1. Restricting the search to region A:102-140, which residues are more than 17 Å from the chain's Cα centre (by Cα) and closer than 28 Å to B:Leu261 by Cβ?
2. I'm told B:Val223 meets every condition in (1) within 14 Å of another protein chain (Cβ to nearest Cβ); (2) buried (at least 19 other Cβ atoms within 10 Å of the Cβ); (3) outside any helix (DSSP H, G or I) except one. Can you identify the failing condition by its number?
3. Would you mind stating whether B:Pro243 is in contact with a Cys (Cβ under 8 Å, 6 or more places away or on another chain), farther than 22 Å from A:Ile144 by Cβ and either away from chain A (no Cβ under 11 Å) or of a type in the set (Ser, Thr, Tyr) (or both)?
4. Pairs, please: C-beta under 9 Å, at least 6 apart or cross-chain, first residue within 10 Å of chain A (Cβ to nearest Cβ) and in region B:248-263, second exposed (fewer than 11 other Cβ atoms within 10 Å of the Cβ) and assigned to a loop (DSSP other than H, G, I, E, B)?
5. Going through A:Met36, A:Met108 one at a time, which residue ends up being in the same structural domain as A:Glu129 (by TED's automatic domain parsing), modelled with pLDDT of 95 or more and hydrophobic (A, V, I, L, M, F, W, C)?
6. Using the structure shown, decide if A:Cys101 is out of contact with any Asp or Glu (no Cβ under 7 Å at 6 or more places or on another chain) and surrounded by fewer than 22 Cβ atoms within 10 Å (Cβ to Cβ).
7. Only residues that are at pLDDT 95 or above and polar (S, T, N, Q): list them for region A:65-84, please.
8. Select from region B:122-143 the residues that are of a type in the set (Gly, Ala, Ser), over 36 Å from the mean Cα position of the chain (by Cα) and outside any strand (DSSP E or B) and list them in ascending order.
Amino acid sequence: MSKIPLQFRHNGREVAIFVDGGTNLLVALRELIGDMTPKFGCGQGGCGACSVLIDGALHLSCLTLAETVAGRSVETLDGIKQGPQLHPLQRAFMENFAAQCGYCTPGMLMAAKALLDRNPQPSRAEVVEAISGNICRCTGYEPIINAVLAAASGGRASA
Amino acid sequence: MTRHRGRGIASVNYPIGMNLGGDPSQALVHSNPSGKFTVALSSIDLGQGMKSVTRQICAETLGVPVEDVYVDTADSDTGPHCMGSFASRGTHRVGNAVMAAAREARGVMMEAAAEELEVNAADLETDGRGNIHVKGAPHRSISTKDVAIAAQFKQGKTISGRGIFLVPLSDVNPETGEMSPATCYAHACLVAEVEVDDETGEVAMIRMDSAYELGRALNPRLVEQQLVGGAWMGVSHALYETPEPYYPDPKHGPRDFVEYLMPGPGDICPHDIAVLERPAPDGPFGAKGPGEMCANPVLPAIANAVFNAVGVRIDDLPITPEKVLRAIKAQGGARPQARR
């Protein structure tokens, strides 16, 4: 099968790759671009570990055909810090001990960022809803919810 | 349709580690010429924080800043032997091994420093900030980095230490059957409050209150994190998780994250935790370990709370809505027990 040329913005940088038809965005990001921050959890949209933002909206990269992001902007956890500065959400996760094994953390951070970008002062219920598609197998939801609320009340959440 | 509140309690007496074959773990500590230390372990950190805790134990024992210690758990083929990360044994067993290794390495480091400062090693102390100085004379000082360089390039010494922790094998008394399977025990008590819907059979968590006695909490935030998350693994075991089929045969069992029931962020309820610290005499800096115990009392407490709420005794996990409904039906309706 012939490869398909694909061009899109990856964390603000223009990238051009060749993908096989049917390649999902998660595989394109991890194996072709080398961005390992979106994680492979279940590969079927059940866990949220692969969450990325496409044109600012939260998507499961394992269920997104790579071809569909042509010309669009894809943001992953790798792109949310600014230089050496952690994103306020990353700092809040660190300060609230919101990661145990850490496998869900990239997806949680992207889900939280999508929320704070559109709603900088969410209620607790809104935070719970925003991360409800993300599984934390260490069951550390409480500190994760607290971290998102802390980042929001810090007033610097949206970058 | 009525939602019935119920409260249940459970207590745990939990052995730290086990005593099959002595339950040994080994650690090796060595310095690099940069004056930083590496702890080599085969023990696995799967999110419980063992790397952080062994790093603290090593730094404290050596008398150097925690930033100067790196814990390497890279390869169990080439690393020193460890029985494994189970039985709530990591902090206690591995921690003790790291402490022994760090103590030996500290001895070499102090000897090397003594040679550089031309004093007796017994007259030296560490300041915990990366320097070694003569007791009472802080200006007679040398950095651990300079000691490491001197040891490596001048004295021809390796600043290193070996550590193992091995519990003497406990024999069974043939007369009484008595033995000592563990050297120390942690304890917990947990109260679970639930709400049982007598129309759907669903059990919702309302709140948990718990107290854990686990020796000295070497890293209180990691302990709290483990207790928070671990309690929900207990809830999950009690109410949701099973690889067994519901009906009619195993083909209908859960196969993946979509079908396998687990708690999500919306199921979480308040959980108030009290940590009591009674240092264990044989623990590293008095530590035992929260480990598996953080999930254990939750299951019986929830089963008791369900009984308290609707009067049915479910003794088969998980406590699914179907089991609760069948049991309520069998006894002719919900029978709330006296509120405890």
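The values are calculated or read from the model by the stated rules, or taken from the named source; none is laboratory data. Note that the coordinates shown come from a computational prediction; the quantities given were computed from them, not determined experimentally. Counting neighbours? That spans all protein chains shown, and the Cβs are built from the backbone with ideal geometry, glycine included.
1. Selection gives A:Pro122, A:Ser123, A:Arg124, A:Ala125, A:Glu126, A:Arg137, A:Cys138, A:Thr139, A:Gly140.
2. (3)
3. Details: in contact with a Cys (Cβ under 8 Å, 6 or more places away or on another chain): no; farther than 22 Å from A:Ile144 by Cβ: yes; either away from chain A (no Cβ under 11 Å) or of a type in the set (Ser, Thr, Tyr) (or both): yes.
So B:Pro243 fails the test.
4. Going by the 9 Å Cβ cut-off, the qualifying pairs are B:Tyr260/B:Pro243.
5. Working: A:Met36 fails: in the same structural domain as A:Glu129 (by TED's automatic domain parsing).
Answer to the check: A:Met108.
6. Details: out of contact with any Asp or Glu (no Cβ under 7 Å at 6 or more places or on another chain): yes; surrounded by fewer than 22 Cβ atoms within 10 Å (Cβ to Cβ): yes.
Considered against the rule, which asks whether it is out of contact with any Asp or Glu (no Cβ under 7 Å at 6 or more places or on another chain) and surrounded by fewer than 22 Cβ atoms within 10 Å (Cβ to Cβ), A:Cys101 comes out as yes.
7. Passing the criteria: A:Thr68, A:Ser73, A:Thr76.
8. Here is the first cut: in region B:122-143, the residues of a type in the set (Gly, Ala, Ser) are B:122, B:128, B:130, B:136-137, B:141, B:143.
This time we only want the ones that are over 36 Å from the mean Cα position of the chain (by Cα), so: B:136-137, B:141.
Within region B:122-143, B:Gly136 is the sole residue that qualifies.
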